[in-house]
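Just so it is clear, none of the values below were taken in a lab; they were calculated from the coordinates. Source: prediction; values computed, not measured. So basically every Cβ, Gly included, is an ideal-geometry build from the backbone, and we count neighbours across all protein chains shown.
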Amino acid sequence: MRKLRAFWIRLLDLIGARRNEDDFAAELESHVEMHTDDGIRAGLTPEEARRQALIALGGAEQTRQAFRERRTLPWLETLWQDIRFGLRILCKNPGYTAVAVLTLALGIGANTAVFTVAQAALLRSWPAKEPSRLVRLIAATPQGEEINFSYADYRDLAEQTKSLEGIFVYNRRVKMLRVGAESRAVLDDVVSPNYFSVLGITAQAGRFFTTGPQPPSEPGVVISDSLWHRVFNADPSLVGKQIWLTNQAFTVLAVAPPGFRGLERMVPTDLWIPVATEYPSQELADRKNREFEVLGRLRPGATTEEARAELDSLGRSLAQSYPAADKARSVSLISERERLREGMIPTLILMTAVGLVLLICCANVAGLVLARSDARRKEVAMRLALGAGRLRLMRQLLTESLLLASVGSALGLLLAVGLLRLQPVLMIPAEVEVGLDLHLDASVLMFTAAVAILSVLIFGLAPAIQLSKTSLVSTLKGEGTGAAKGLRRWTLRNALVLGEIALSVVLLTASGLVVRSLLYSRSLPLGFDRQRQLIFFDLIPGIVGYHSERSAVFFEQVQEKAAALPGVRHAALARRVLLSDSGGGMSQRVSIPGVELPQGQLSIPIKFDAVDGNYFRAVGTRLMQGREFNSGDNPSTARVVVVSQTMEERFWPGQEVVGRQIVANGTACQIVGVVEDAKVNSVHETPEPYMYFPFAQQPSAEGTLIIEADGNSKALTARALSEIQRVDRNVPVTVRTVNYLMQQAFWADQMAAGFVAALGALGIFLGAIGLYGVVAFTVSRRNREIGIRMALGAERKDVLRLVLGHGLGLAAIGTAIGLLASFAAMRLLATMLYGVRPTDPLAFAGSAILVVFVALAASWIPARRAAAVDPMQSLRTE
Amino acid sequence: MGEKTDVWQGTLALMVLRTLESMGPQHGYGLARRIEQTSGDRLQLNYGTLYPALLKLEQEGFILSNWGLSDNNRHAKFYELTKAGQSRVKKAAAEWEQTTAILARFLAPAEDA
């Protein structure tokens, strides 16, 4: 206690240093004066009395020093001195400092980001009470392991189990949540009412489902904390209010606690609805209807083995009692935690990879520090000569490294935050929120600090030891070129740099290929015009209970209202949207009179869309022959169809098509037109036969209003929404834009290109730093040799050539190795590439040229320094 | 070296506290003279060493200091015991007595044992 108090006072005194010093000087002076007074009284002369007083004091300066040491914390003062000195040194070499800090920031930032992901995916404690006791029921079937159970089987298991104290079901679904005029997709878990109580979770507001035998009188819902904030602005009075989900009113019963995102880490749950609300009881009674995942909690004291044995026998009796559904199914369980750990291995691989990146970063910074400390050996020798202790010197050098690492980690943290912020951009665009719950917390900060300290040990310790071992006499005498000593390190570092360069060549070649592939993909004709301002309003009147005739009226009205809006070029209707994620399996069985189908089949499935007469004009699909649909193509007129170019070429090559007939789903349709091929499901699909039917002749309870806007699509979207509302305010609407579709369609390509290109940039950056370190180190070692060469008549450009040659020689070897490695490695990429071969010479040449260019730049700086060597000075001082 | 200083500082601290207890508020010079006197001039005290010891006691909260006037009208810093200091003197004195008593037994002539 007392010691702590004293420590604080000393710490505080350290900050307010000056005033106390004066105070003590006054106290000492008064001490000496009083002593002198006494001496005079005893008969001494004033001078002698004062002399005696000072002797008795034991020296004013010594006393002051002893006082000072006690007053504050000397070691802290030294540390502060070291830090200030280190900062001065680092500021004096801004280039070196910036490069070292940036290198460390990259390594530490990447590690922090990956650790955060790993932590969110694997390590963060599960949002349930005592997660180790949670188990997942699985069923072994002849087809393999399943995790889905029927509700009836679950009820039986729940009633009979003794080793599990609680057992619940959940099933992931999607609902449409009405927010203002729009509806948005949200993920709901349909759960048994004991879901929250078995997990051991308490609501932050309201109360969870009651677990009584009676189903609740009105539908209730629990919403997630995230949804509460995102959609309802954390409205504290929300509990008890009604919200609209897929055209049904639900009362909000409770808000789940922050951080609880349901049971799937990547795909968080937005709301929870009890089973009884969602399923009619006969559906729940059907044992073949296996829709539910089942989790349970082990009774305290029960082991997994006991529970497994018990469930096995319960499963047998189920199979006996209900052979129709449960024959050959046996029930078992696994620890839920174990199951979640399955993601461990890829995460570990990723951690190892970024760990290696950090190692390379550290090696590079060590190279920089070494190159510089070599130049600092004179300074160090001088300080040793002036009496600095070697330990003190090492402390100073390590403090410098620690400073680099601290600034590096601070920057690295920022980088990590930036990378984590990218998650929403990096995730595939989807109508529901997906992604891990990523944020920096205490454990991440601890991890970063540990990584920083570790990297100081890696990159700072060796140079510090080496430098503090500087031989004082020989260095000051100028014998410190120590070529022999540095030789072994030299080869190791050369190998490292060669590896870095080769790796960056491989990565750059890969990014060249992937980027070229992306550019090719982007240039592919899609069969519609992506430049147009297209807005898609997905409408599902079926949800409100509309049958197809009423839906048809609804769609017709919506289209008319939208077309009348100012700023609308075209308003069209379509059953499904091109390149959208809504499946694509929609097809009709088609037979073609007079055409032999493959393998002698009578009919084959061909994918189709139903569109109105404005569709092709609105999205920009070109009409090749015949005509578009018009208002004459309606339910009361003859069936017509427009076919794709590929369909035309496949079945009627070189013949007139318009006017021919096909039979789709048993109905004869006349072909009235041919349009260009359009991408249906993905950008990379090979064109296949495709058909368009008139929207009016294919009644459907869902469809999309497509608007081609003139300019400001935002304002138009709002106006169109209110028009749709005016037709029927209950039909759920979701809005998508053409940009959203494009993002979704090119997501995978873009991710691959972005990821590989980022790796390539990182690789070339590290390679450049490594090369710079080696060349700079060699230049400082060969300072004297260069001096001699110049004294013997070598010109500056010869020196420049010598050093550049060294750097470029290394780069050339590294590049050659890298090109060979690329040749082998790029085959692995082949399946990801479109429109470019894995041996694309442009990508190979481009990466080689870029690497050599960067190597030239990295060698240029030390080469210039070498050329600036003054031979006289170099020979005299060395 | 540190250990020796600690022992010395420990005893010096006790002397300072004890002197302050018996004499009341006192300045550094007065304390030094008094300690010398009390030791019967057997203790050769470097007056300078007193000040770090005083500072330590002040930092630990056993004494506090104020500027005042000495008997000869000189400005001087006066030290006095705090409450914590008073109880500290009692405890430390008792401990010291016990230590010396034990040591005395060891150092007593052998036939006593």
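Here each label is just a point 7 Å from Cα along the line to Cβ, and for A:Glu159 and A:Leu79 those points are 6.9 nm apart. Here the peptides A:824-832, A:183-191 are ranked by packing, the mean other Cβ count within 10 Å, and the order with the highest first is A:183-191, A:824-832. Using a ≥ b ≥ c from the Cα gyration tensor of segment A:533-742 (square roots of the eigenvalues), is it rounded, prolate or oblate, where a/c under 1.5 gives rounded and otherwise the larger of a/b and b/c decides, a/b for prolate? Prolate shape, in that a/c is at least 1.5 and a/b is the bigger ratio. Note on segment A:2-72: Kirkwood radius taken over Cα pairs, Stokes-Einstein applied at 4 °C and 1.567 mPa s, translational D equal to 95 µm² s⁻¹.
For the set A:Lys241/A:Lys288; A:Lys3/B:Lys83; A:Lys175/A:Lys714; A:Lys288/A:Lys679; A:Lys162/A:Lys327; A:Lys162/A:Lys241, the pairs lying more than 28 angstrom apart at their alpha carbons are A:Lys241/A:Lys288; A:Lys288/A:Lys679; A:Lys162/A:Lys241.
Counts of other chain beta carbons within 10 angstrom of each beta carbon in peptide A:21-32 average 4. Modelled spin labels at A:Ala42 and A:Ser335, positioned 7 Å past Cα toward Cβ, are 8.2 nm from each other.
Each peptide among A:456-469, A:273-286 gets the average number of other Cβ atoms lying within 10 Å of its residues, and from highest to lowest they stand as A:456-469, A:273-286. Both the radius of gyration and Dmax for segment A:759-876 are 18.4, 63 Å, in that order, over alpha-carbon atoms. Axis angle, to the nearest 10 degrees, between helix B:28-38 and the longest C-alpha principal axis of chain B: 30 degrees. Remark: mean inter-chain Cβ contacts per residue of B:70-82 equal 3, using a 10 Å Cβ-Cβ cutoff to other protein chain atoms.
Using 0.36 nm per residue and subtracting the Cα-Cα separation, the extra length available between A:Ser523 and A:Gln282 on full extension is 81.5 nm. Using only helices, what value at 222 nm comes out for chain A when you add -39,500 (n - 2.57) per DSSP H run of length 4 or more and divide by the total residues, to the nearest 500 deg cm²/dmol? Mean residue ellipticity, 222 nm, calculated: -18000 deg cm²/dmol.
State, as an integer percentage, the relative contact order of chain A based on alpha-carbon contacts under 8 Å between residues 6 or more apart. This gives 15 percent for chain A. Membrane-span-like helices in chain A (whole DSSP H runs, Cα extent of at least 15 Å along the helix axis, mean Kyte-Doolittle hydropathy of at least 0.0): A:2-15, A:74-92, A:94-118, A:344-375, A:390-421, A:442-468, A:483-523, A:738-781, A:796-825, A:841-867.
Against chain B, whose longest principal axis is taken from its Cα atoms, helix B:83-107 shows a tilt of about 30°.
Each principal axis of the Cα cloud of the protein assembly as shown was taken in turn, and the coordinate range along them, longest first, works out to 139, 91, 63 Å. By the rule of a C-alpha distance below 19 Å, with chain neighbours fewer than 8 residues away ignored, the lysines paired with A:Lys469 are A:Lys378, A:Lys477, A:Lys485. Shielding value for B:44-57 is 6, the average number of Cβ atoms from other chains within 10 Å of each residue's Cβ. Between the alpha-carbon centres of segment A:716-744 and segment A:348-380 there is a gap of 55 Å. When the inverse distances between all different Cα atoms of segment B:22-113 are averaged and flipped, the Kirkwood radius reads 15.4 angstrom. Bins of 5 Å, beginning at zero and ending with the bin holding the largest distance: percent of Cα pairs per bin for segment A:203-316, please. Bin by bin from 0 Å, the calculated values are 2, 9, 16, 17, 17, 15, 12, 6, 4, 1, 0.
For the protein assembly as shown, give the share of DSSP beta bridges that are antiparallel, in percent and rounded to the nearest 5; count only bridges with both residues there. In the protein assembly as shown, DSSP labels about 80 percent of beta bridges as antiparallel. Can you give the charge dipole size of the protein assembly as shown about its Cα centre, rounded to the nearest 20 debye, using +1 on the beta carbon of Lys and Arg and -1 on the beta carbon of Asp and Glu? For the protein assembly as shown, the charge dipole is close to 2960 debye.
Among the trypsin sites (Lys or Arg not before Pro) within segment A:624-730, those in coil by DSSP and having at most 16 neighbouring Cβ atoms inside 10 Å are A:Arg627, A:Arg729.
Estimated from the Cβ-Cβ distance and a Förster radius of 41 angstrom, the FRET efficiency linking A:Ala821 and A:Val683 is about 0.85.
Each label point was placed 7 Å from the Cα along the Cα-to-Cβ direction; for A:Arg392 and A:Gln531 their separation is 7.4 nm.
Counting neighbouring beta carbons within 10 Å and listing from fewest to most, the residues A:Leu498, A:Leu393 come out as A:Leu393, A:Leu498. Shape analysis of segment A:628-736 based on the Cα gyration tensor places the equivalent ellipsoid semi-axes at 32, 19, 13 Å, largest first.
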